[in-house]
Amino acid sequence: KNQVEQSPQSLIILEGKNCTLQCNYTVSPFSNLRWYKQDTGRGPVSLTIMTFSENTKSNGRYTATLDADTKQSSLHITASQLSDSASYICVVSGTSGTYKYIFGTGTRLKVLA
Amino acid sequence: GAVVSQHPSWVICKSGTSVKIECRSLDFQATTMFWYRQFPKQSLMLMATSNEGSKATYEQGVEKDKFLINHASLTLSTLTVTSAHPEDSSFYICSASSGFTYEQYFGPGTRLTVT
């Protein structure tokens, strides 16, 4: 069964600290993996997208890594800001050439001043 | 580029009435649009996929007669929740794809509350 699991479910950190969110997937065959940020009451906004051959992708203070062998990805947030408080969703696409997104359950991040 | 809008952003309706939600691609033509539902503290659940000019394909467990989807043009898709009930209260999100890539661009969502 194609699944995407994220951990932790929720996380609270202090402003300025770094954090890492995890994503494990069982989707096969694998096409690409995306990380989205979703603010409360808003639609998801794309942060990064990685294909099978990419190990890391950065977008400002966000850095995603991918290990296609172990089917794991992580999203590292550097020098967190209050505006980073949101849900972060890992999304995996299966067979290349399809629109189907398989969504993770998300990690709710709260950054405190 | 690749902006998707939804209208309304929130709506409150009475049980038994119908409500229509619009999804528009503002700066590209969307050959495929998707409708998702999201309950509190849960991830997005795909409801249906629609291609312009064709009938929507509904996911298992989604009642097509209750959630009417129309994708009449390359920039507009509508979701009509018919005979709404309180359990239909949710956050509805659409996404759109141009067909040149398989990237989905998400709208800001519509909060539906049925009283």
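Each reported figure results from applying straightforward, stated rules to the coordinates on display, with no laboratory input. As the structure is a computational prediction, the values presented were derived from the model and not from experiment. Heads up, the Cβs are rebuilt from the backbone with ideal geometry, glycines too, and the neighbour counts pull from every protein chain shown.
As an exercise, use a Förster radius of 35 Å and the Cβ-Cβ distance of B:T80 and A:A113 to find the FRET efficiency, rounded to the nearest 0.05.
That pair, B:T80 with A:A113, gives E of 0.20.
Kirkwood hydrodynamic radius, computed over distinct alpha-carbon pairs, for chain A: how many Å, to one decimal?
For chain A, inverting the mean 1/r across all distinct Cα pairs yields 14.0 Å.
Per the protein assembly as shown: cysteines with no other Cys C-beta under 4.7 angstrom?
By the Cβ distance rule, which asks for a partner under 4.7 Å, the isolated cysteines are A:C19, B:C13.
Given a Förster distance of 30 Å, report the FRET efficiency between B:K64 and A:S10 from their Cβ-Cβ distance, rounded to the nearest 0.05. Walk me through the intermediate numbers first.
Values: r = 35 Å, r/R0 = 1.17.
Efficiency at R0 = 30 Å is approximately 0.30.
Treat region B:56-107 as a sphere of radius equal to its Kirkwood radius over Cα pairs and apply Stokes-Einstein at 10 °C in a medium of 1.306 mPa s; give the translational diffusion coefficient in µm²/s, rounded to a whole number. Mind dumping the intermediate values first?
Details: Rh = 12.7 Å.
Rounded to a whole number, D works out at 125 µm²/s.
At a Förster radius of 25 Å, what calculated FRET efficiency corresponds to the Cβ-Cβ distance of A:D39 and A:T70, to the nearest 0.05?
E between A:D39 and A:T70, to the nearest 0.05, is 0.25.
Mind checking which of A:L66, A:L21, A:L11 has the largest fluctuation in a GNM of chain A, springs on alpha carbons under 10 Å?
A:L11
If you bin every alpha carbon distance in region A:11-69 into 5 Å steps from zero, what whole percent lands in each bin?
4, 14, 24, 24, 20, 10, 4, 1
Of the DSSP beta bridges with both residues in the protein assembly as shown, give the percent that are antiparallel, rounding to the nearest 5.
Within the protein assembly as shown, antiparallel bridges account for around 90 percent of the total.
Please arrange A:F52, A:F30 by counting, for each residue, the other beta carbons lying within 10 Å of its beta carbon, fewest first.
If I rank by nearby Cβ atoms, fewest first, I get A:F52, A:F30.
Could you give me the radius of gyration and the Dmax of chain B, taking only the C-alpha atoms into account and expressing both in angstrom?
Cα radius of gyration and Dmax of chain B are 13.2, 41 Å respectively.
Local charge sum around A:S87 (other residues, Cβ-Cβ under 9 Å, Lys/Arg +1, Asp/Glu -1)?
+2
By DSSP, what percent of the beta bridges with both residues in chain B are antiparallel, rounded to the nearest 5?
90
If you project the alpha carbons of the protein assembly as shown onto the principal axes, what extent comes out on each, in Å, largest first?
48, 40, 35
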